[in-house]
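Q: The following block contains the structure, expressed as structure tokens.
The values are calculated or read from the model by the stated rules, or taken from the named source; none is laboratory data. These numbers come from a predicted model, not from an experiment. Positions of Cβ are generated from backbone atoms using ideal geometry, with glycine treated the same way; all protein chains shown enter the neighbour counts. Just the protein is used for accessible areas: all its heavy atoms, side chains included, with ligands, DNA and RNA removed. Shrake-Rupley method; radii C 1.70, N 1.55, O 1.52, S 1.80 Å.
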Amino acid sequence: MAELRPANPPTRGRLIRSFGYAIRGVALLVKLQANARIHALATGVVVVLGFVFGLERWEWAAVAGAIGLVWAAEGMNTAIEALTDLVSPGEHPLAGRAKDIAAGAVLCAAIAAVVIGLLVFARRIAARF
């Protein structure tokens with residue numbers, strides 16, 4: 001059996017460029033999407049609260065996972081919307097379905113993040129009041 005090798009072996013320059021493209025993608029996400037700016041604000045608030053309340057290591061892991069999940073879902077939703085608009089500039093039921101399902105995925109991720117946030121922070125916040 002033949003050995004599988006990548007067509008273009010990774011080089012340091014290619015790796016650095018790919019990180020640059022990814023950073024540009026995150027910047028575009030925040031610049032172009034109002035919901036991403038809301039996610040950025042929520043991320044900042046949650047991180048500050050995490051330090052204020054002195055989260056345990058496992059709690060930070062849960063919070064970081066929830067934050068990452070929401071950001072990844074928002075990025076995929078935005079990419080799907082852009083590609084859908086490119087290939088189907090007019091109204092089409094399948095284009096609408098793709099966009100709705102992608103938006104639904106973001107909603108699921110956000111709900112999961114809120115549940116995680118409540119599990120991690122609710123007791124601490126209640127104890128302060």
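Q: Running a GNM on the chain with Cα contacts under 10 Å, which residue among LEU119, LEU41, LEU15 ends up with the highest mean-square fluctuation?
A: Fluctuation is largest for LEU15.
Q: Divide by every residue of the chain the summed helix terms, -39500 (n - 2.57) for each DSSP H run of at least 4, and state the resulting mean residue ellipticity at 222 nm, rounded to the nearest 500 deg cm²/dmol.
A: Computed mean residue ellipticity for the chain: -30000 deg cm²/dmol.
Q: Among (i) 39, 18, 16; (ii) 30, 22, 7; (iii) 33, 23, 15, which one is semi-axes √(5λ) of the Cα gyration tensor in Å computed from these coordinates?
A: Computed from the coordinates, semi-axes √(5λ) of the Cα gyration tensor in Å corresponds to (iii).
Q: Another question about this same structure. Can you tally the net charge around THR43? Count Lys and Arg as +1, Asp and Glu as -1, for every other residue whose Cβ sits under 12 Å from the Cβ of THR43.
A: For residues surrounding THR43, the net value is 0.
Q: So what's the angle, to the nearest 10 degrees on a 0 to 90 scale, between helix 93-128 and the longest Cα principal axis of the chain?
A: Compared with the principal axis, the helix lies near 20 degrees.
Q: Determine the equivalent ellipsoid of segment 68-129 by diagonalising the alpha-carbon gyration tensor, then write out the semi-axes as square roots of 5 times the eigenvalues, largest first, rounded to whole Å.
A: Output for segment 68-129: semi-axes of 35, 10, 7 Å.
Q: Dipole of the chain, Cα-centred, from +1 at each Lys and Arg C-beta and -1 at each Asp and Glu C-beta, to the nearest 20 debye?
A: The calculation lands at about 460 debye.
Q: Counting pairs of alpha carbon atoms under 8 Å apart in space and at least six apart in sequence, what relative contact order in percent does the chain give?
A: 25 percent
Q: First compute the accessible area of the chain with a 1.4 Å probe, then give the percent of it belonging to carbon and sulfur atoms. Don't skip to the end; give the middle numbers.
A: Working: 6800 of 9580 Å².
C and S fraction of accessible area: 71 percent.
Q: Which Cα, out of VAL120, LEU55, LEU28, lies furthest along the positive dipole direction of the chain (beta carbon charges, K/R +1, D/E -1)?
A: LEU55
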